[in-house]
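Just so it is clear, none of the values below were taken in a lab; they were calculated from the coordinates. Keep in mind that this is a model prediction, so the values were computed, not measured. We place every Cβ from the backbone using ideal geometry, glycine too, and count neighbours over all the protein chains shown.
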Amino acid sequence: MSTPVIVRTVEALRAHTRAWRAAGESIGVVPTMGALHDGHLSLARAARRDCARVITTIFVNPMQFNNPEDLLKYPHSEEADAALLATVPVDLIFAPAREEVYPDGFKTVVTVGGVSEPLEGRMRPGHFDGVATVVTKLFGMTMADRGYFGQKDWQQLQVVQRLVRDLNIPVQIIGCETIREADGLAMSSRNLRLTEAGRAKAGVLYAAITAAAEDIRAGQSDRMAIREAAEAIRAAGFERVEYIELRDAATLMPSDDPASPRRMLAAAWLDGVRLIDNIPV
Ligand code: AMP
């Protein structure tokens, strides 16, 4: 175990990355908003396997929060995060202040069309502009060769893939599998906000979409299987099912073609917490 160096300015970050690049070392970056769990660590471990140098960024990006209350409630735990990252270990933690990323006069927005528009894009206006802008900046700041993202945020992963292709950003995007709790609940910093009773029910989201995907593969109609999943989620005590959709896995457009890769994506509210999940179909 070795302690990662923590840097807070782009200048200090570049001093490290310039030296690494000059030595011919490959660099992997794992962008996060902190409050780290095993899902984040699995990304860092994948980067550790592939790259000579690993950077984890910790930055709660205000630009991607469409809901100000959500931003205020976002957990911060830098010391615990650093201790977890030391177990991987990563080489460097980049944890800039807000002004370092968005200094006075900042005026540029990166908008990815198409894939960012439905689902999360519709429910969270501006969210993917914030993601695409900060990810573009983090790639420029870190000069990374590879970027690691979780399939947990499937649409985000597709947005980032589109972004690097469309803007010729020389970063290879690696999508890593969703890490789950024993009951199937996808690990998320937001899970900490569930009550004990809510936490006990939360696994139903994954169970319901898994059952729907199985039924569809077995020949049931898409619409019927999705309706049953929504009913099961509501019956378990979720306040609201925002969407359950079967989409083309890459474009996120509606797809009724079982021959092309499809993804079932869902968002639902429990205990006032918005949970999302997705699986292949
Ligand atoms: P966040 O800190 O929530 O912005 O997440 C940072 C990265 O970790 C994103 O690429 C997420 O998709 C990924 N991530 C979050 N939770 C999980 C999980 N349960 N399994 C795999 N990756 C995850």
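Here are a few things to note about the model shown:
- By the count of neighbouring beta-carbon atoms within 10 Å, fewest first, Trp154, Trp269 end up ordered Trp269, Trp154.
- Database remark: amide H of Gly147 closer than 5 angstrom to the amide H of Val29, Gln172, Ile173, Ile174 (H placed geometrically; neighbours at sequence offset of 5 or more, or on other chains; Pro and chain starts carry no H).
- Rounded to 10°, Cα long-axis angle of helix 204-217 versus longest principal axis of the chain: 70
- Residue exposure sequence - Phe106, Phe128 - by fewest surrounding Cβ within 10 Å: Phe106, Phe128
- Over the chain, the ratio between the Cα radius of gyration and 2.2 N^0.38 Å evaluates to 1.02.
- Separation between Cα centres of segment 169-214 and segment 228-281, rounded to whole Å: 12
- Of His76, Val281, Thr3, farthest towards positive along the dipole that unit charges on Lys, Arg, Asp, Glu beta carbons give the chain: Thr3
- Global form of segment 144-246, assessed from the alpha-carbon gyration tensor, a/c cut-off 1.5: oblate
- Each of Glu120, Glu100 was scored by other Cβ atoms within 10 Å of its Cβ. Arranged with the fewest first, they read Glu100, Glu120.
- Between Arg49 and Val5, the modelled labels are 2.8 nm apart [label points 7 Å from Cα along Cα→Cβ].
- Contour minus Cα-Cα distance for Ser26 and Asp183 (0.36 nm per residue): 52.8 nm
- FRET efficiency, 1/(1 + (r/R0)^6) with R0 51 Å, evaluated for Ala259 and Ala83 via beta carbons: 0.60
- Debye log10 I(q)/I(0) for segment 1-137, one point scatterer per Cα, at q = 0.09, 0.15, 0.19, 0.22 Å⁻¹: -0.30, -0.82, -1.21, -1.39
- Relative contact order of segment 5-176, pairs being alpha-carbon contacts under 8 Å that are 6 or more residues apart, as %: 29
- The count of lysine pairs in the chain with alpha-carbon distances below 24 Å, taking only pairs 8 or more places apart or on different chains, stands at 5.
- Legend: calculated FRET efficiency, Glu214 to Thr108, from the Cβ-Cβ distance at R0 = 41 Å, rounded to 0.05, equals 0.35.
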